[in-house]
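Quick notes on the structure that follows.
None of the figures in this text is laboratory data; all of them are computed from the coordinates on show. In this text, all values refer to a predicted model and were calculated from it rather than measured experimentally. All Cβ positions, glycine included, derive from the backbone under ideal geometry; neighbour counts span all protein chains shown.
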Amino acid sequence: MANVLKLVHVFPTFAIGGAQVRFAALANGLGRGFEHVVIGLDGVCEAERLVPPDVRLRLRPLSARKGRLNLSNLWTFRNVLREERPDLLVTYNWGAIEWALANRVRPICPHLHVVDGFGPEEVERQLPRRLRLRRLALSGQTTVVVPSQTLRRLATATWQLDPERIHHIPNGVDAGALDEQAGRPLDLRRRPGERLFGTLCGLRPEKNLVRLLRIAAMLPDDPPWRLIVGGDGAERPALEIQACGLGLSERVVFTGSIARPGALLGALDVFVLTSDTEQMPLSVLEAMALGLPVLATDVGDLPHMLPAESRDGCIFARAEEAAFAGRLAALLASPDERRRLGALNRAKTADFALEAMIDRYDRLFRRLAGPG
């Protein structure tokens with residue numbers, strides 16, 4: 001097929017998460033003019049099921065040594081790029097930084113690096129070794145995309161990258177598709193008068209779901225409520241033990257992996273996020289698009305994502321667990337306030353349309369991968 005642009009995408013993991021959900025939406029929106037080769041460095045590829053079957057997608061298995069910077073990995077990665085001959089290499093987050101290094105000197109193809117955020121080890125500060133490697137790997141001719149203004153400032157001031165090579169492209173959501181999913185909500189067996197609040201994320205340390213369990217334990221019994229935790233991950237067994245220890249076994253539901261986010265979110269009354277680090281979480285945008293009130297910790301671009309009229313009383317410092325619980329209790333008891341905040345949030349998502357995000361990535365991909 002003439003004029004098809006071939007992109008090699010390298011993910012630390014191709015498990016379902018925010019970056020993978022965005023990739024699936026992009027691949028679908030970009031259409032048949034692109035061919036996507038996806039490498040998941042940990043061998044996990046469950047996010048493949050998010051990509052429609054008519055998308056030109058191929059998974060490429062790859063064996064590489066894990067651990068500190070490995071020169072044999074760099075040689076392996078360069079050989080892959082020589083074999084694939086892509087029009088553009090797209091790498092994602094710290095876990096794929098070796099690929100950026102492999103293509104840094106005498107580049108085999110143009111390179112775009114997408115940064116979504118950090119793991120728990122960099123909540124408080126950038127690790128010096130990683131900082132040095134980011135400066136080295138992402139300088140030169142690499143273009144960097146960030147979804148948040150917080151990351152843009154970090155990339156210019158701390159990583160000292162060329163501002164002309166940094167593109168701020170906010171995440172986008174398809175409100176219509178979410179509405180359709182919400183029309184067939186998960187059957188959570190809501191009891192009469194019961195309120196449901198919850199979250200949707202990978203169960204990883206930086207999401208700090210233990211904080212959410214502590215907040216839930218502070219809530220009064222009236223009105224009756226349950227906490228719904230959507231998503232899966234290595235933290236689940238420990239979280240289930242923690243919920244039991246807090247006396248919440250009958251009030252917390254762990255759903256496991258969710259293929260249709262709107263089906264879960266459409267069953268909730270309030271969406272909550274208690275992460276230690278985020279930048280521009282898709283789950284928050286999805287909840288807003290479905291008209292849910294959102295309570296969240298003050299991380300990343302969260303204060304800018306919510307409408308100005310609802311920021312007060314909806315964003316909390318990480319240590320303000322009692323205040324968070326008090327506001328959540330008030331919201332669960334007030335359908336009028338939930339509707340007011342939900343309407344403001346839904347209107348705000350017009351600023352984060354999926355079509356606008358796809359268009360900006362499309363133009364950037366074509367410019368970087370085009371002739372010359």
Return the Rg/Rh value of the stretch 1-153, two decimal places, where both radii are evaluated on C-alpha atoms and Rh is the Kirkwood radius. 0.94
Two pseudo-spin positions, 7 Å from Cα along C-beta at residue 139 and at residue 249, lie apart in nanometres by 5.7 nm
Debye equation applied to the C-alpha atoms of the stretch 161-263, log10 I(q)/I(0) at 0.12, 0.15 Å⁻¹: -0.52, -0.73
Can you tell me the dipole magnitude for the chain around its Cα centre, using point charges on the Cβ only (Lys, Arg +1; Asp, Glu -1), in Debye to the nearest 20? 1260 debye
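How big is the dipole moment of the stretch 175-352 about its Cα centre under a simple scheme where the beta carbon of each Lys and Arg is +1, that of each Asp and Glu is -1, and everything else is neutral? Debye, nearest 20, please.
Details: 21 positive and 24 negative charges, 71 e Å.
Computed charge dipole of the stretch 175-352: roughly 340 debye.
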Find which of 182, 4, 118 sits farthest along the positive direction of the dipole of the chain, computed with +1 on the beta-carbon of Lys and Arg, -1 on that of Asp and Glu, about the Cα centre. 4
Just want the answer: with Cβ charges of +1 for Lys and Arg and -1 for Asp and Glu, which residue in 333, 315, 266 is farthest toward the dipole's positive end in the stretch 254-350? 266
For the chain, with a Gaussian network of springs between Cα atoms less than 10 Å apart, report the residue from 162, 362, 222 with the top mean-square fluctuation. 222
Dipole moment magnitude, nearest 20 debye, the stretch 170-240 about Cα centre, only Lys, Arg, Asp, Glu C-beta charged: 220 debye
Mind sorting 357, 280 by how few other Cβ atoms lie within 10 Å of their own Cβ, fewest first? 357, 280
Cα-projected label distance for residue 180 with residue 336, points at 7 Å along beta-carbon direction, nm: 3.7 nm
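Counting other C-beta atoms within 10 Å, which of 71, 344 has the fewest, and how do the rest follow? If you can, show how the numbers build up before the last one.
Numbers: 71 11, 344 18.
Arranged by neighbour count, lowest to highest, 71, 344 become 71, 344.
How big, in percent, is the set of alpha carbon pairs in the stretch 175-352 lying more than 21 Å apart? Show your work: numbers first, answer last.
Working: 6827 of 15753 pairs.
It works out to 43 percent of all Cα pairs.
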Quick one: check the C-alpha center-to-center distance for the stretch 300-329 versus the stretch 188-236, whole angstrom. 17 Å
Amide H neighbours of residue 44 under 5 Å, counting only residues 5+ apart in sequence or on other chains, H built in-plane at 1.01 Å? 14
What is the gain in length, in nm to one decimal, between residue 188 and residue 311 on full extension, counting 0.36 nm per residue of separation less the C-alpha to C-alpha distance? 41.3 nm
Semi-axes of the equivalent ellipsoid of the chain: what are they in whole Å, largest first, if each equals the square root of 5 times a C-alpha gyration tensor eigenvalue? 37, 21, 20
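At most 12 other Cβ atoms within 10 Å plus a DSSP loop assignment makes a site exposed; report the longest stretch of the chain without any exposed trypsin sites (Lys or Arg not before Pro). Can you show the working numbers first?
Details: sites that count: 65, 66, 68, 125, 189.
Counting only loop sites that pass the neighbour cut-off, the longest clear stretch is 190-372.
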Test of understanding: ordering 249, 283, 63 by Cβ neighbours within 10 Å, fewest first, what list do you get? 63, 249, 283
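Work out, step by step, the length gained on full extension between residue 126 and residue 54: first 0.36 nm times the residue separation, then minus their alpha carbon distance; give nm to one decimal. Numbers along the way, then the final one.
Values: separation 72, 0.36 × 72 = 25.92 nm, distance 4.05 nm.
Here the answer is 21.9 nm.
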Residue by residue, what Karplus-based ³J(HN,Hα) values in Hz, rounded to whole numbers, does the stretch 24-41 have, using 6.51, -1.76 and 1.60 with θ = phi - 60° and x for Gly and Pro? 4, 5, 5, 4, 5, x, 6, x, 6, x, 10, 10, 10, 9, 10, 10, x, 5
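Just tell me the longest site-free run in the chain, where the sites are GluC sites (Glu not before Pro) in a DSSP loop having at most 10 other beta-carbon atoms within 10 Å.
Numbers: sites that count: 124, 250.
Between exposed loop sites, the widest span is 125-249.
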Longest principal axis of the chain (C-alpha) makes with the long axis of helix 321-332 (C-alpha) an angle, in degrees to the nearest 10, of 70 degrees
